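The values are calculated or read from the model by the stated rules, or taken from the named source; none is laboratory data. This structure is a prediction, so every number in the text was calculated from the model and none was measured. Note that we place each Cβ from the backbone using ideal geometry, even for glycine, and neighbour counts take in every protein chain shown. Note: areas computed on protein heavy atoms with side chains; ligands, DNA, RNA excluded. Shrake-Rupley method; radii C 1.70, N 1.55, O 1.52, S 1.80 Å.
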Amino acid sequence: MGKFSGFRITIAQVFKPKVTGDYPNSKRPKPERFHGRHVLNRYEDGMEKCIGCELCAGVCPANCIYVRGADNPPDSPVSPGERYGFVYEINYLRCIHCDLCVEACPTEAITETKLFEFSFTNRQDAIYTKSELVVDDQGRAQRQPWELWLGDEDDQTSGWMRATASAGQAEFEGKVGWSGELGVGVRAAEPSQDKTRTAIAPTSEPEEVALG
Amino acid sequence: MSSVPISQWPSEYKYSAPVAGDTEMVNVTIDGVEVQAPRGELLIKVAQDYGTYIPRFCYHERMKPVGMCRMCLVEVEGMRGLQISCATPVVEGMVVTTQSPDVKEAQDGVLEFLLINHPLDCPVCDRGGECPLQDQTLAFGPGESRFVEEKRHFEKPIPISDLVLLDRERCIQCGRCTRFAAEVAGDPLIDFGGRGSSTEVITYPGAPFSSYFSGNVVQICPVGALTARSYRFKARPWDLSAVETSCQSCSVGCRGVLDSASNRLVRFLGVDSEPVNHGWLCDKGRYGYEWVHAKDRLNIPLVARGGGLVPESWPQALELATSVIRDVFDKHGAKAIGVLGGAQGTNEDAYAWARLAKGVIGTDNVDAQLGDGLPAEVVIGMERATIADLDSARAIVLLGPDLKEELPVLYLRVRRAAVDLGVPLVDIGASNTGLTPYAQAVLRHLPGDPEAVTEKLAAALAGQPTRPDELRPLLEAIDKRALIQKEGPVVVVLGRSSVAEAADATVRAAAILAQAGISAKFLSALPTANVHGALDLGLAPGFLPGRVTLAAGRDELAKTWARVPEEQGLGAAKILANAAGGEIKLLVLLNCDPIADFPDGQLAKDALKNVEHVISLNSFTNESMRHADVVFPITVWGEQRGSISNIEGRVARLGRKITPDGSTMEPWRIATELAARLGHEMDLESFTEVQDEIAQVAPAFVGVDSKLISWARDGAVLPVADHAAEITLALSSLDQNKRSAGVSWEPIPTSGEDTPGNGAVPPAVISPPRPAQALYSWAKQAPERTAALADSYSLRLVASRTLYGNDLITTQSPSLARLATVTAQLRVNERERDRLGVADGEVVRVISSRSSIELPLVVDPSVPERVALVAINRDAPGASDLVDINESVTDLRIETLSKPVIKES
């Protein structure tokens, strides 16, 4: 073989199945509890879930969340109850995506998408305000120009993805422990830990999404 | 504990503070630890003092126990069932278990029961995160509830006053708020209504909970049922950072904690300071922090240019002020310079300005009081009482303003002494005050003429055998009081009940009491925040820092100061008169507005119109600075560290919580900057250096250096030699968590400084020279007694203050502004109204020797006959248009504007 002998391994790889993807034209599925950019969810009737309680800001180890509450306007309430999140900001230059905010949230208002591909050209863009974080009227994450979203990537973003979902206990098996949300309704119960039961939720095997 | 027999029944139990020298200690075993406690003290308190916290909701240290919440159940050996420790007095040999399985079961049960109806809306509740119910459920609760039924529902927050919101769903019926209103504040405007699970706190129909003390119920509510409108959803507890400070809305100097979030003040809470405020605040103090963030705050220096005030840089403004001072000094001498005000600032401000005015410029025309106070020699020289003396007094004599309106928390202390501790109360005055209902003797006199009734009282108190009828209930009360309190001073609360009359008569009346041989002590009731600190530090004509006269302190101060004025200068009234007359060329206004604050508005207007130069330090623009050459913006309460002196002469620490917007400067720093530019370095770089210099040069402040001020938890009463024991106790309590007098107080960390030793009295405590009994000498030289009313048509004016008026704190704080009345009214009683023949609310012409104005006439049954009351803190036209400062009293003629209505028959 002479001068080609050094290519033996390389050429052998050509005929093996490909492990790399066509990133960024398509993305690989992310793990179910992957932590990406946040969204602020809404209820099915369009009300915001955030009540401005600041528990997320209180628990945040990176101090990247700034929340201020205010009285709900009685004639056009933003959220159910007395108080709503008047100001909601996350500084993504600080956020470490630890998901503690998601665990702390008492109303499943803040959850994380799987999106991590976002880069900014100035610091101001890194501070997401409520108008950018809150889901749109279809219940989907708003897509900013500097974010790389592909297809229905944002499907897996909601209260039922919380790490603290109560599926671990036998008596809660098959019971829905979360509220319905805009655009989706009430998500089905989480799959059982019993592997013989099939999952009901649309989480079975996420497929690779192509550039849409 | 006093020897008053204590009933076993909670409803009859009367809480009273332990009286020194009459304490019998008993042995009690709490969880196996034997402790000693005064007999009759409540078990819950004894346990807490020795480090065992028994959970509670309804029990509050400053109120009588009721045993409503059942949370504090403990096991007491030999008693059947569990006992509520909040209503069980300790007796000899008591054996108590606070953590047995039975107690735990009871606590679980009580908490589960309370949470049947308490909503779990903690994330939106203002109390969430600092809630006693949350905390104690976590610490003592069962963890789960068996109740799955729907909770009760009420309309979410309903306002019970302009300041307080009530969420009835969250209420656990502990009765703290209703008890506070009835027992402590004396405004029983809220109570329980309904039965069973529909019990709710209610106000009476048509009567909101409009108490001056309504904010306290928000602070003591153990859940989020009562919340403050001003703090509603502003921040959550973990956003807050806090500093302990003194309130500066009046001169009582209540201790409190100032909370800020994101460099904005959001809340002020009372701290339980045993000698001062017992944890209470008035609403003006509590919600008055809002004015700090008013959008009209000055935040850049202004100078006069082109007919108006325009922004300028600090160096330029300081240069201009320096050249104005130098110019006037060179042309007309130091006596052409007058300095007014300074009673709103800190002690450091007062000292630095006294040093600039007297020690650098050399003028003694300096006065912190704007004609609304008492002569400085009287305030400084009189035998001073402390607030705590009220509790152990033989009797309390009120010879001054309506404390409820001017010094609200002092009103609470006097009321407590009178109602809870049984101290006999005498009310001398021209009209009814908030304390009149509690007085055993009410001595009314014509405004400006208190001497006759005071003489009568002094004679009776001194033991004159015949007892006048009107004083009989008082003397009987004193006899009764003597059974438990033989000794003790007669505390005279001395102040100005009306600025429409000269201070002479009040001082003469005080002198009568001082000379009556009844061991009278005086508690000053001058309301301006730090007026006592300003007087103590030399912002008064004839005085130098440390309560010494020019003559007495000259030699000592000359060591530090460049010069000391040769002769006594002028008071505020004369300064203004001379400014109006042209002898005074420069007026320096230290955070004051003479046109609004001086009783004789016309004189103030003339003075500021005629004076050549004005330098003003303020945080807002005002009428008086319209003709100013330079206006310096200053830092205010919450933005500046330092100390203040309260009515007792107690020097206490002020904390800084926020960084001011814009470029403002502390007044003391402006003084040092000006001094440096005038060629005299004061060499003061920080507020602690000012405090240390004060401790060094001011005789009354010996020992009160920066270290003592930062460590003495309740401050230090001047002179410290007289109060060394109290200060020692305060300092030693830092190291002892056992039997501490107050709650939730943490020592202030100092920057690596060594701390005062355990209970060591500060060094160099010497007794400063006291001005010779100034009260007597002043009374002797004072002008003769006031004449009777001019004629039978005249009414005599009483110009007093109300809590909410046109002052900055009220008008610039949105919460308070809506409570304030800013237009003046003429208040007379029904008979005077009928004599005039006008309707309620009708506008009448009011004529004094000074001017004639039109005011609406309002009927007020508490005003006596021959008297007309116009509040002084109102916008013009008002009382200050009527008062002539040179007259000893102000008599009014009232004319109707409308034609008399002739009834047709």
message = Quick check on segment B:241-253. Is at least one of its residues within 14 Å of chain A (Cβ to nearest Cβ) and open to solvent by 30 Å² or more (accessible area, probe 1.4 Å)?
response = yes
message = Can you tell me which of (1) modelled with pLDDT of 95 or more; (2) outside any helix (DSSP H, G or I); (3) open to solvent by 10 Å² or more (accessible area, probe 1.4 Å) is the one residue B:298 doesn't meet?
response = (1)
task = Among the residues of segment A:84-119, count how many are within 14 Å of chain B (Cβ to nearest Cβ), open to solvent by 20 Å² or more (accessible area, probe 1.4 Å) and touching a Leu at 6+ places or on another chain (Cβ under 8 Å).
result = 2
key: Qualifying position, being within 30 Å of residue B:214 (Cα to Cα) and modelled with pLDDT under 90, among B:822, B:859   = B:822
inquiry  = Pairs please, first residue from segment A:77-90 and on the phi > 0 side of the Ramachandran plot, second anywhere and assigned to a loop (DSSP other than H, G, I, E, B), Cβ atoms under 6 Å, 6+ apart in sequence or on different chains.
reply    = A:81/A:51
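Yes/no matrix, rows are residues, columns are (1) of a type in the set (Lys, Arg); (2) open to solvent by 40 Å² or more (accessible area, probe 1.4 Å):
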| residue | (1), (2) |
| --- | --- |
| B:487 | no, yes |
| B:508 | yes, no |
| B:519 | no, yes |
| B:536 | no, no |
ask   = Do you know which of the residues in segment B:211-248 that are of a type in the set (D, E, K, R) and part of a loop (DSSP other than H, G, I, E, B) is nearest to residue B:183 (Cα to Cα)?
value = B:229
ask   = If a residue has to be within 14 Å of chain B (Cβ to nearest Cβ), over 19 Å from the mean Cα position of the chain (by Cα) and more than 15 Å from residue A:83 (Cα to Cα) to count, how many in segment A:36-60 make the cut?
value = 1
inquiry  = Could you list, ordered by first residue, the pairs with Cβ atoms under 9 Å in which the first is in segment B:861-874 and more than 14 Å from residue B:829 (Cβ to Cβ) and the second is aromatic (Phe, Trp, Tyr), at least 6 apart or interchain?
reply    = B:873/B:804
Residue list for segment B:254-263, restricted to those being outside any strand (DSSP E or B), surrounded by fewer than 24 Cβ atoms within 10 Å (Cβ to Cβ) and in contact with a strand residue (DSSP E or B) (Cβ under 9 Å, 6 or more places away or on another chain) = B:262
query = Among the candidates A:50, A:56, which residue alone is under 30 Å from residue B:167 (Cβ atoms), of a type in the set (A, V, I, L, M, F, W, C) and assigned to a loop (DSSP other than H, G, I, E, B)?
reply = A:50
note = Restricting attention to segment B:157-188, the residues that are out of contact with any helix residue (DSSP H, G or I) (no Cβ under 6 Å at 6 or more places or on another chain) and over 26 Å from residue B:233 (Cα atoms) number exactly 5
note = Only unsatisfied item for residue B:809, checking (1) open to solvent by 50 Å² or more (accessible area, probe 1.4 Å); (2) modelled with pLDDT of 90 or more, is (1)
task = Look through B:434, B:429, B:422, B:463 and report the one residue that is free of Cβ contacts under 8 Å to residues at least 24 places away in the same chain and not assigned by TED's automatic domain parsing to the domain that holds residue B:800.
result = B:463
Selection from segment B:379-392 of residues that are open to solvent by 20 Å² or more (accessible area, probe 1.4 Å) and in contact with a helix residue (DSSP H, G or I) (Cβ under 6 Å, 6 or more places away or on another chain) = B:391
ask   = Given B:395, B:376, B:343, which one is touching a Phe, Trp or Tyr at 6+ places or on another chain (Cβ under 9 Å) and crowded, with 20+ Cβ neighbours inside 10 Å?
value = B:376
task = From B:631, B:702, grab the single residue that is modelled with pLDDT of 95 or more and in contact with a helix residue (DSSP H, G or I) (Cβ under 9 Å, 6 or more places away or on another chain).
result = B:631
key: Conditions (1) closer than 28 Å to residue B:161 by Cβ; (2) open to solvent by 20 Å² or more (accessible area, probe 1.4 Å); (3) under 28 Å from the mean Cα position of the chain (by Cα): number failed by residue B:885   = (1)
message = So residue B:335 ticks every box in (1) free of Cβ contacts under 8 Å to residues at least 12 places away in the same chain; (2) touching a Ser or Thr at 6+ places or on another chain (Cβ under 8 Å) but one. Which box is left unticked?
response = (1)
key: Tally, over segment B:480-530, of residues that are of a type outside the set (Gly, Ala, Ser) and either in a loop (DSSP other than H, G, I, E, B) or farther than 14 Å from residue B:396 by Cα (or both)   = 21
query = Which condition breaks for residue A:63 when tested against (1) over 30 Å from residue B:155 (Cβ atoms); (2) more than 14 Å from chain B (Cβ to nearest Cβ)?
reply = (2)
request  = Give the residues of segment B:124-162 that are open to solvent by less than 30 Å² (accessible area, probe 1.4 Å) and either within 14 Å of another protein chain (Cβ to nearest Cβ) or closer than 18 Å to residue B:225 by Cα (or both), sorted by residue number.
outcome  = B:124, B:125, B:126, B:128, B:131, B:133, B:136, B:160, B:161
Among the residues listed as A:70, A:57, A:62, the single one being among the aliphatic types (A, V, I, L, M) and crowded, with 17+ Cβ neighbours inside 10 Å = A:57
ask   = So residue B:359 clears everything in (1) modelled with pLDDT under 95; (2) in contact with a Cys (Cβ under 7 Å, 6 or more places away or on another chain) except one condition, right? Which one?
value = (2)
